[in-house]
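A short worksheet on the structure shown next.
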Amino acid sequence: MKLLSFSAALLAGSIVNAKSVYRPNDVSIQDESLAVPGDNPLVHCANPKDDLLDIKTVDLNPNPPTAGTTLKVTAKGYLSEDVEEGAKVHLQVKYGLITIIKQDADLCEQVKNVDLECPVKKGTTELSKDIELPSQIPPGKYTVLADVVTKDGKKITCLSATVQFSRGGSGVVTGSWLKDL
């Protein structure tokens, strides 16, 4: 699941880089069925039963992320069909209530950041990526949302997460567990 790796690294990297994302439906993490398995602050934006990517587990180390450290992201999942050129990532990042990033990106260009390439083939995939976190992450709440779709608009996955960084840069997963990653 190279795509899984990409999504996890993109989301984790975005959170760590002091970027927040807004979840489209502002889903509260009170629905534990939306939580992504593993040691992470991720949540699905909606019921993932029809997503092309079945995420088995995503682990972040350390969790919560800490400024000035290396964040290791490991992920496993199953992609139910090939993902080809033209797939998109809709990314939003918020710092508190302020949207600092809102963009669409070519998924095939982005997966190169996690040593993958298109087409991403159907089947089981495992990913491991180290992300260097900056030592100066401004304190505050960061929310990240990544909605990933095929060129035909089929939902690959949609993930969100929220991380609170305090003075000194240590991250704390918020109690609301909004999972706006």
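For this structure, a couple of remarks:
- Per residue, the solvent-accessible area of the stretch 77-134 (1.4 Å probe, heavy atoms of protein chains only, all protein chains present) comes to 58 Å².
- Karplus-derived HN-Hα couplings along the stretch 51-68 (A = 6.51, B = -1.76, C = 1.60, θ = phi - 60°), whole Hz, x at Gly and Pro: 5, 6, 9, 9, 7, 7, 6, 9, 10, 10, 9, x, 10, x, x, 10, 4, x
- In sequence order, the stretch 102-114 has phi-based couplings of 8, 8, 10, 10, 6, 4, 5, 6, 6, 5, 4, 5, 10 Hz under the Karplus curve 6.51 cos²θ - 1.76 cosθ + 1.60, θ = phi - 60°, and Gly or Pro positions carry x.
- Close amide-amide hydrogen proximity is noted between L42 and V36, each under 5 Å apart and 5 or more residues distant or on a separate chain (H modeled in the peptide plane; Pro and chain starts excluded).
- Taking a straight line from the alpha carbon of K154, these aspartates and glutamates sit under 17 Å away, with near neighbours fewer than eight places off in the same chain left out: D50, D51, D54, E81, D82, E84, E85, D104, D106.
- Rounded to the nearest Hz, the phi-derived 3J(HN,Hα) couplings of the stretch 92-97 under the Karplus curve 6.51 cos²θ - 1.76 cosθ + 1.60 (θ = phi - 60°) are 10, 10, 10, 10, x, 9, where x marks glycine and proline.
- Cut-off under 5 Å, modelled amide H: who pairs with K56 long-range: K76, G77, Y78
The values are calculated or read from the model by the stated rules, or taken from the named source; none is laboratory data. Just so it is clear, the structure is predicted and the values come from calculations on it, not from any experiment. The accessibility values were calculated without ligands, DNA or RNA, using every heavy atom of the protein model including side chains. Shrake-Rupley method; radii C 1.70, N 1.55, O 1.52, S 1.80 Å.
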